[in-house]
Amino acid sequence: MEKGDEQAMKIDSDQIIHLDYRDFGRWKVEKFARYVSNLLLARRNVDLHTFYLHWDPHVPLNCNDLRLWIRYAVNHNVKVLDVKLRMYDKTNLPPGIFICRSLQELNLQWGGAPYRDYEHKGLVLPDIIKLPSLKKLTLRDVEVDELSLSSFTDRSPGLEDLHLIDSVTYLKRIASKALKRLTLDGSMYGFESLVIFAPHLISFECTGCSLNDISWRDQPSLERARIDTWGRTFCDESRFTEVLVHAKELALFGSEIKVCLSEDKPLPTCSVFQNLRTLELGKWDLTKDFYAVLRFLQLSPRLEELTLMHGPGDVGIDKLVNALVANGISSDKITVTSCEDIKNKAHAEKIRAEEEQPKKRVKENPEWEDDDPDSEQSDPDSEQSNPDSDECDDLDDF
């Protein structure tokens, strides 16, 4: 084992393994795989709290290596398993993950099914799912249907956080009395007539879904909601706004939000949003729909912060602010931003983080820098598994 590897092991707690590709400079995938395998071999035989692995380079990790590392984490009673990959070269997710009794938080974002698989667009969950300790679940690019979701909610009685991101969803119903936080961030086929039965839900995020396709049974009292909709119409009923009336934080974007706030809709006329403190509005022509904006603000007597996100077409945003101030809204509460500003800021922060993090780690551990910084990554089709590991030969059952 290299000297730099020994120093790296001293940095991490015995119960935490943190592996981020940005910390390893220009390492080739083979060198990274050898490092991780050696790290696990040298680690003390104690339970593992967190296994964190983020790998984003174009050259994928070898399937056998990855399954071996995950099996190690499961066998050491891991509580938090957080794995993000650009791509995974198998369609089926490792089944051993989904019978880990100690697992409390699971975050799998592996880039969807391989391009050569013509039957599946998302990664496939196993038939058997038993995670009795699970509290938080995040799945990205995964095929989720009624049966698999019910396996999580029925067999994980403490599951409070559910986040489905860009997943291929075949769902008509999401039901859980324990669920407190729900995220539906995109879906390859969208949602049709989705019923949410989660009476104790306090946080709801929905992106890229038509509100007409979502209905509630035993409506919750949300404290926080972020909704970015698409679609032309919204139901004439106020059934969706009713789940928002107790919210303290709201971020509402999209044309459907404008429609449900328009004057001819049955939004209650009293001070509906009594608890609302923070509000964001945008992604529709705010300047042309001034009265819809003003109406919402007038129904929010305790509002402390208002953010107006305008697009390229909102040329009169300054006039809108002046009109709101003239109608009694304090200018101190109003912040104006644009979609482009937010994107540029996020992009700049990402670039800065990627540039600073490797430099900091390499400075602390000079041996981490690649011996040949000008060398290219190896070919994706080359053999990447560790030939010296006897354990790599028997992974089909995991």
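The values are calculated or read from the model by the stated rules, or taken from the named source; none is laboratory data. Everything numeric in this text was worked out from a predicted model, so none of it was measured. Here Cβ is always computed from backbone atoms with ideal geometry, including for glycine, and neighbour counts include all displayed protein chains. These area figures cover heavy atoms from the full protein model, side chains too; ligands, DNA and RNA do not enter into them. Shrake-Rupley method; radii C 1.70, N 1.55, O 1.52, S 1.80 Å.
Things worth noting here:
- Of D127, D145, all but one fail to be open to solvent by 30 Å² or more (accessible area, probe 1.4 Å) and closer than 16 Å to H163 by Cα; the exception is D145.
- E105 vs. criteria of a type in the set (D, E, K, R), surrounded by 19 or more Cβ atoms within 10 Å (Cβ to Cβ) and under 21 Å from the mean Cα position of the chain (by Cα): no
- Qualifying residues in the range 259-296 (those that are at pLDDT below 70 and either under 16 Å from L324 (Cβ atoms) or of a type in the set (G, A, S) (or both)) - the one least open to solvent (accessible area, probe 1.4 Å): L261
- Enumeration of residues in the range 35-93 that are among the acidic types (D, E) and assigned to a loop (DSSP other than H, G, I, E, B): D47, D56, D89
- Residue selection: H58 satisfies the criterion of being at pLDDT below 90 and open to solvent by 70 Å² or more (accessible area, probe 1.4 Å).
- Members of the range 24-33 found to be crowded, with 19+ Cβ neighbours inside 10 Å and assigned to a helix (DSSP H, G or I), listed by number: F24, V29, F32, A33
Matching residues to (1) at pLDDT 95 or above; (2) in contact with a Phe, Trp or Tyr (Cβ under 7 Å, 6 or more places away or on another chain); (3) in a strand (DSSP E or B); (4) surrounded by fewer than 19 Cβ atoms within 10 Å (Cβ to Cβ):
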residue	(1), (2), (3), (4)
R101	yes, no, no, yes
G112	no, no, no, no
D117	no, no, no, yes
L159	yes, yes, no, no
L162	yes, no, yes, no
A178	yes, no, no, yes
Y189	no, no, no, yes
E192	no, no, no, yes
V195	no, no, yes, yes
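- Here S150 passes the criteria (1) hydroxyl-bearing (S, T, Y); (2) open to solvent by 70 Å² or more (accessible area, probe 1.4 Å); (3) under 21 Å from I97 (Cβ atoms) except the one numbered (2).
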